[in-house]
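Structure first, commentary second.
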Amino acid sequence: MQDQNLAFIGAAYAITWGVLLGYLIRVHRALGQARAEFESASKQTERAR
Amino acid sequence: MNESADTMNVPRSRAWTLFGVFAFVALIAAQAHAILTSPADRDMGHLQKILYVHVPAAWITFLAFMVVLVYSIRYMLRRQEKDDLVAASAAEVGATFNGLTLVLGMIWGKPAWGAWWVWEARLTSTLILFMIFVGYLALRSFVDDPERRAQWSAAVGAFGAINVPIVYMSVRWWRTIHQIQSSPSTMDSAYVLGLRTNAIAFLLIMIYFIRRRYELARLRRATELIADAAALGGN
């Protein structure tokens, strides 16, 4: 029973870190991509002027 | 809707990167302290250590949705685009913590209650809250017109957040299998410090996530505005 509880505790912490790090990576990747698109669009606008 | 120069001004802050690093280090320290120092519970044994992630995740869910409520109302009153973007950012972060709360609750429920899921008031109302905000995010992805998207989102966001007190009080209004709210007043003092430090660490992470998600929303919107301006200039 005690070993089984340790498995549940381990799963809870693993899932917590998986969700937090997963969301962190997702947002940072999207930020990098959005920043590149923003800079590209800004440069195109400057060139058009 | 006011698409001010503020939307176009997208700063890049190193301070927020440091804040994020600090938030995650704080969580590691808080979890290590809580896991290593908290005694086994009389009834639940070491299973109570799940409490240090499940309860803060639930509190942060409520808090993030309160941010949605405040900024949705602000948007309705002021029609400022940045209020809509903050509400949307908080809704996504809140839904993430809400999903995490549900999964952690299931992991707690199996050994504690003998079932992964029970259709009782707290679990069911938390699931409904989650579904409302998944709907909110789906709505935002389906509506192209920024003004209409913001108006509808503000209405759904405010409606969804109103459910937070219902979820919070559900354990008292409908006494079922779920224990009453875990708070310093209802817990053994041996667990209070661990719960508080983990809740603070989760709070810092929530602030960091909302800030980064808001930055992303502003960048995307600014790029859209440049594209719109270029298209108008080309005609």
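Data table
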{"read-out": "Listed residues B:Thr61, B:Ser13, B:Ala91: farthest to the positive end of the dipole of the protein assembly as shown (Cβ charges)", "value": "B:Ser13"}
{"read-out": "Selection from A:Asn5, A:Ala30, A:Gln44, by position along the positive dipole direction of chain A (Cβ)", "value": "A:Gln44"}
{"read-out": "Relative contact order [Cα under 8 Å, 6+ residues apart], segment B:54-180, whole percent", "value": "32 percent"}
{"read-out": "Candidate lysines - alpha carbon under 27 Å from B:Lys49, same-chain residues fewer than 8 apart omitted", "value": "B:Lys110"}
{"read-out": "Amide proton proximity set for B:Gly45, modelled H, under 5 Å, gap of 5+", "value": "none"}
{"read-out": "Karplus-derived 3J(HN,Hα), 6.51/-1.76/1.60, for each residue of segment B:105-121, Hz, glycine and proline x", "value": "x, 5, 5, 6, x, 4, x, 7, 10, x, 8, 5, 9, 10, 7, 10, 4"}
{"read-out": "Three-way shape label, segment B:1-145, alpha-carbon gyration tensor, a/c 1.5", "value": "oblate"}
{"read-out": "Averaged over B:105-111, number of beta-carbon atoms from partner chains that fall within 10 Å", "value": "4"}
{"read-out": "Karplus-derived HN-Hα couplings along segment B:50-64 (A = 6.51, B = -1.76, C = 1.60, θ = phi - 60°), whole Hz, x at Gly and Pro", "value": "5, 4, 5, 10, 5, 5, x, 4, 5, 4, 5, 4, 4, 5, 4"}
{"read-out": "Protection-proxy order for peptides B:38-45, B:212-219, each taking the mean of Cβ atoms within 10 Å per residue, highest first", "value": "B:212-219, B:38-45"}
{"read-out": "Cα centroid of segment A:31-46 to Cα centroid of segment B:41-107, whole Å", "value": "32 Å"}
{"read-out": "Average silhouette area of the protein assembly as shown, convex hull of alpha-carbon atoms, in square nanometres", "value": "16.2 nm²"}
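We did not get these values from a lab; they are worked out from the coordinates using the rules stated. Worth saying up front: this structure is predicted, and the values here are computed from it rather than measured. Using ideal geometry, Cβ is built from the backbone for each residue, glycine included, and neighbour counts are taken over all protein chains shown.
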